[in-house]
Every structure is written in structure tokens, then in C-alpha cells.
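In what follows, a single structure is set out as C-alpha cells and then discussed.
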Amino acid sequence: MTEEQTLTGKLVESFADVIHDVDRTIGENKDYGAGIGPHDENDQVDALIEEVRRQDNLPGDVSTAKSDPSGVTYPGTQSADLVIEAPELTEYCEAKLFRFIKANGNPSPRGYSKVFSPYQSHSPRSFIHDVDKLAAADIRAAKTLLGIYYRPIKGAGSHITGQAIAKKFVSDVEQWTEHEISLDTVVPFSGLQHDVHQRGAILAWKLDDQPERFF
């Protein structure tokens, strides 16, 4: 992690502490199997936050796009995925699932492009474009990013650790955008109950060019 860990980085550590609890209690997602892994991005993030809140380990007040849409909006009719507020510090955060394999073990046709495509600017916007969006946002608060990475069990990508995928995203942002991000926190997890989505890491970055906090 960096010398000054972000609130998002602290939240990532708390997520890793509770992910096994959430994995046991979240239930099945339709026909995709038990555990947290098959659920969509918003449901995963909200379930993790609710469990961290229940265990009284949040780094501040947290709003999400699912639980409090008005709490994550900012000028220009845009919104973040998370807003974390602590005394004298607020962070606007974009989040994304790094899930490249479907629950049946087959490659996800869009899973990789949703993260790394420099051309996918809508429907849905890739995480690369989320960096552009967040960097351009007219908000006087810290700007961060969060990823939940499910590392394949076999085949392509099975050797890629959370640290490696997090560094690749840093490199791709630098290559494909005008912005730079720094890796903040990487916390691996393993032993989840789903046959495919059973290991990985929770990741946090911060935008290097942060806005001035005051006009």
C-alpha cells in the first residue's frame, strides 16, 4: 500500500475481513451458484458494506449507487459508485468487477473489455473510461477506484495474482488516458464456496492528480 492509505484502501481491507461471512449469507444468484462471486457488482459491493457496517468497521459514512443514489451524485448529472465520508476527508470512488470467467467456467465475452477496453465508453463504460469520467468530475474531494478481482482457477489468467492485475491496470490507465493512478491496497482472498469464483483479491487505487479541496 502507499504511505498514506486512502479511505478506500481501508474499506478494501475491511471487505477482505468479511468476504467469507458474506459468501456464506448472500445466497444464490438465480442459476449461477452459491456465494458472493456470481452476484452483480452493485449487490457484491452493497453486501460487503452492510456486513462491514454490521461489524462496526467502516472507515467513515458510506453511500452507494444502489443504497443512496442521491448521496453519490455530483455536478453534471453524473454519479460515483461509492462515496466515503470521514472527518475532514471525502472520497468519490468508482468500482468494477474484474471477473473474466463466467460461473460455468467459460470465458466471459465482455468481462475483460468492461475493465480494460480503451474504446468501450458506454453500454457499459469500461473501467479505463471510468478513470476519465472521475478525473473530469467537478468535485472537490479525493478520487479513488476499487476493484474486486476473481482470479481464474484454471486456464488463461490463472497465474495472474491480484498484485499483478492491479499493476496492469495502473499501466493501462497511463497508456490509454491522460491520467495516472497509484496502487493503494491489494488484499487477496481464497476459499470461497463457488467452484469458479473462489479466489482473487480486492484492490484500491487513487488518482494521482487530485483536485484542490478548497476554492
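The values are calculated or read from the model by the stated rules, or taken from the named source; none is laboratory data. Everything quoted here is computed from the prediction, not taken from an experiment. Reconstructed Cβ throughout: ideal geometry from the backbone, glycine too, with neighbour counts over all protein chains shown. Accessible surface is based on the protein model in full, side chains and every heavy atom, while ligands, DNA and RNA are left aside. Shrake-Rupley method; radii C 1.70, N 1.55, O 1.52, S 1.80 Å.
Entry remark, region 1-41: residues being open to solvent by 30 Å² or more (accessible area, probe 1.4 Å), part of a loop (DSSP other than H, G, I, E, B) and of a type in the set (Ser, Thr, Tyr) number 2 in total.
Scanning region 42-71 for residues being part of a helix (DSSP H, G or I), closer than 15 Å to residue 95 by Cα and open to solvent by less than 40 Å² (accessible area, probe 1.4 Å) gives a total of 6. Checking every residue in region 170-190 against the condition of being open to solvent by less than 10 Å² (accessible area, probe 1.4 Å) and part of a loop (DSSP other than H, G, I, E, B) gives zero matches.
Against the test of being under 23 Å from residue 162 (Cα atoms), at pLDDT below 95 and under 15 Å from the mean Cα position of the chain (by Cα), the options 99, 110, 125 yield a single qualifying residue, 125.
Criterion applied to 38, 87 was being more than 16 Å from the chain's Cα centre (by Cα) and at negative phi, and the one residue passing it is 87. Can residue 196 be described as modelled with pLDDT of 95 or more, surrounded by 21 or more Cβ atoms within 10 Å (Cβ to Cβ) and more than 15 Å from the chain's Cα centre (by Cα)? Against the criterion (modelled with pLDDT of 95 or more, surrounded by 21 or more Cβ atoms within 10 Å (Cβ to Cβ) and more than 15 Å from the chain's Cα centre (by Cα)), residue 196 qualifies.
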